[in-house]
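Rule-based calculations on the coordinates, nothing more; no lab input. Keep in mind the model is a prediction, meaning the values are calculated, not measured. No Cβ is skipped: glycine too gets one built from the backbone with ideal geometry, and neighbour counts run over all protein chains shown.
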Amino acid sequence: MTLHVEKVTWRVEDQTILSDVAVDVAAGELVGVLGPNGSGKSSLLRCIYRALKPDAGYIALNGDNVWNLDAKEAARRTATVLQETPGEFEFVVWEMVLMGRTPHKSMFARENAEDHDLVENALTQVGMLSFADRSFATLSGGEKQRVLIARALAQQARFLILDEPTNHLDVRYQLEVLDLVRGLGVTTFTALHDLNLAATYCDRLYLMEGGEIVAAGTPAEVVQPAILRKVFGVEAEVQVHPRTGKLHIVFLPAHAAVPSATAPAEAPASAVLVGGS
Amino acid sequence: MGTAVEQASQDPGETPPAPAPRAKRRDARFPLAVLALTAALLVTLTLAVTIGPVAISPLTVWQIALARMTGLAAGEWSAAHENIVWLIRLPRVFLAAIIGAGLAVVGVAMQAAVRNPLADPYILGISSGASLAAVLVILMGVFKFFGIYSLSVAAFFGSVMAFVIVITLAQNRGTLSPIRLILVGVALSYVLSAATSFVIFRADDAEGIRSVLFWLQGSVAGAKWSYLTLPLIALVIGTAYLILQARPLNALVAGEETAISLGVDTNRFRRVLMVVAAMITGVMVALAGAVGFVGLMMPHTVRLFVGSDHRRVLPVSLLAGAIFLVWVDVLARTIVQPEEMPLGVITGFLGGPFFIWLMRRNRNALGGGRS
């Protein structure tokens with residue numbers, strides 16, 4: 001499954017929330033979108049899973065405009081893991097995951113053995129099968145997130161959207177959730193808050209600011225001190241960690257010394273800086 | 001990614017292989033529960049007909065009913081008994097059952113549609129619209145040309161008018177947001193209630209005011225067989241539609257965007273839900289007045305027992321609502337004989353404490369987290 005987003009613009013009254021956004025995710029890639037609060041990350045995701053209809057632009061899954069797809073067909077292609085959790089009405093974990101079958105079932109169809117097997121496999125895959133009868137509301141943040149990922153698995157979509165899947169999770173669960181997603185091998189587009197996690201897990205990154213994509217490329221191309229200073233307003237040092245071989249970002253408090261000239265992993269020449277002057 | 005999966009199992013008490021989840025097996029037992037409730041409803045209907053100023057045995061009730069339906073007479077009973085059973089009590093008991101079932105089912109649908117546990121069938125101003133129309137009929141004699149049906153016809157149009165106003169005003173850029181629906185519904189209810197009160201206070205017809213107050217609290221007194229057709233059709237069609245939409249209803253309850261991501265066109269679905277719910281409620285209100293409580297509490301009571309899956313909540317609510325309102329009506333017509341109490345008085349006194357007791361007994365339910 002591939003995602004192609006072209007010139008997507010969305011406004012609320014006079015305010016432009018998304019402006020000319022372009023994103024491409026190739027089959028099997030794990031691509032992250034970063035940006036400060038209010039930069040438009042969630043709005044972009046919402047356009048892709050059809051909670052928002054952009055004012056202009058084009059969003060395609062495997063070449064088909066998502067807004068020309070029937071709602072169920074779109075949901076068979078795209079599974080979304082949201083931060084939103086049900087409030088007043090209680091479901092047990094099994095029922096939550098079984099909901100993933102919704103786009104596959106006609107009005108008159110009953111759940112069959114295949115659906116139940118899919119739910120069981122999905123729960124096994126995220127290590128939550130023994131929680132099947134637990135009320136979803138009683139789970140911890142990490143457990144909830146894994147159940148929602150299981151639902152996405154039961155949905156059998158080949159494209160996965162995650163909206164800050166590591167938010168509010170203990171560090172152990174942050175790694176666990178992203179390891180899980182990485183291991184699925186499903187084409188994934190995820191909003192992330194944590195730059196280090198994004199740099200560690202994503203194949204490519206998009207960086208948003210004020211509704212625009214301001215940088216795009218590999219983690220090394222996007223996560224650079226100059227770009228972080230401009231977009232997030234922070235001083236940071238970016239190093240290649242000796243054990244992970246991945247980028248490691250150290251944020252420098254305002255009162256700390258200016259980064260020394262010897263800082264490693266200084267901007268590769270291939271940095272892609274889009275828009276913004 | 002085996003490591004992530006292994007780490008995931010954090011409950012040391014669990015020993016693999018785990019037994020099949022209860023949730024998976026629960027479906028098998030569910031038809032039995034429905035069967036048991038259906039039997040309970042039949043018993044309820046029978047007993048409710050036997051109870052009254054003239055006691056009639058359950059056997060006689062069935063004999064009379066069968067004789068009238070099939071023409072095969074068996075056993076002996078007086079013409080007076082036959083009239084009491086066939087012309088007075090049976091239609092009344094059936095009407096109570098249909099109203100109770102309908103309001104409970106609509107309550108489930110409304111709570112899902114606006115994703116709010118405080119929603120009830122009247123959330124869209126339907127009862128206040130009907131009430132104002134009813135008051136105008138009873139106290140000011142409008143709609144007289146509809147004869148004995150003027151009250152029902154007026155109440156139905158009143159509820160439809162209120163519904164249309166709420167839906168129109170709650171629209172925002174082509175979408176119907178739950179919170180706007182609720183707030184517009186509440187605001188309009190205040191306006192219509194104010195108008196109702198205004199008419200009542202301006203009237204000096206004491207008997208009329210009494211019958212207005214009675215109507216506002218709901219009653220199935222004076223039911224006839226001919227009254228049953230319309231609400232029964234509304235109930236059957238409405239419930240069938242809702243049960244077929246159980247999966248989208250579950251998704252909607254789990255969250256607006258969750259439902260969208262699961263392929264539910266929430267805007268369209270919510271609109272259809274509103275129309276279905278308004279039609280059922282409008283018919284019910286037209287015939288029995290604004291019976292409170294059932295539509296709000298019955299769905300919650302049922303959820304405490306069967307969870308939130310609409311495939312279970314809807315049929316069980318229907319049966320439980322029917323049983324509940326039949327017994328409420330039995331009390332309404334017996335506790336202050338020969339006077340009658342409006343249904344709302346009984347549902348409030350009986351249902352309120354029962355529900356609070358039930359909720360406190362299940363300490364973890366309804367916001368406490370159930371495990």
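The table below lists the values:
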read-out	value
Exposure proxy order (Cβ contacts within 10 Å, fewest to most) of B:Met69, A:Met208, B:Met341, B:Met274	B:Met69, B:Met341, B:Met274, A:Met208
Whole-Hz couplings from phi, Karplus 6.51/-1.76/1.60, listed for the range A:225-232; x for Gly and Pro	x, 5, 5, 4, 4, 5, 7, 9
Spin-label proximity, A:Asn121 to the range A:1-20 - amide N less than 19 Å from point 7 Å beyond Cα toward beta carbon	A:1
Centre separation in Å (Cα based) which lies between the range B:50-104 and the range A:19-74	62 Å
Percentage relative contact order, chain B, counting C-alpha pairs under 8 Å, at least six apart	26 percent
Spatially close lysines, pair count over the protein assembly as shown: Cα under 17 Å, gap of eight or more or interchain	5
Relative exposure of B:Trp77, A:Trp67, judged by other C-beta atoms within 10 Å (fewest first)	A:Trp67, B:Trp77
Selected from B:Ala112, B:Ala39, B:Ala104 as most flexible by GNM, with chain B as the system and alpha-carbon contacts under 10 Å	B:Ala39
Ascending count of other beta-carbon atoms within 10 Å, so fewest first, for A:Leu160, A:Leu169	A:Leu169, A:Leu160
Descending Cα extents along the principal axes, the range A:1-151, whole Å	47, 32, 30
Net charge contributed by nearby residues that have their C-beta within less than 14 Å of B:Leu176 (K/R +1, D/E -1)	+4
Local net charge near A:Thr166, Cβ-Cβ under 10 Å (Lys/Arg +1, Asp/Glu -1)	-4
Residue-count net charge about B:Ile56 - beta-carbon cut-off 11 Å; Lys, Arg +1, Asp, Glu -1	0
Residue-wise HN-Hα coupling along the range B:260-277, computed from phi with Karplus coefficients 6.51, -1.76, 1.60 (Hz; x: Gly, Pro)	4, 5, 9, x, 9, 7, 4, 5, 5, 4, 5, 4, 5, 4, 4, 5, 4, 5
Cα-based Rg of the range A:3-252 normalised by 2.2 N^0.38 Å, two decimals	1.03
Average Cα contact separation per residue, the range A:3-252, under 8 Å, 6 or more apart, as relative contact order %	25 percent
Protection proxy ranking of A:232-238, A:199-205, B:251-257 - average other beta-carbon atoms within 10 Å, highest first	B:251-257, A:199-205, A:232-238
10 Å Cβ shell holding at most 13 others, DSSP loop, trypsin sites (Lys or Arg not before Pro): longest site-free stretch of chain B	B:1-172
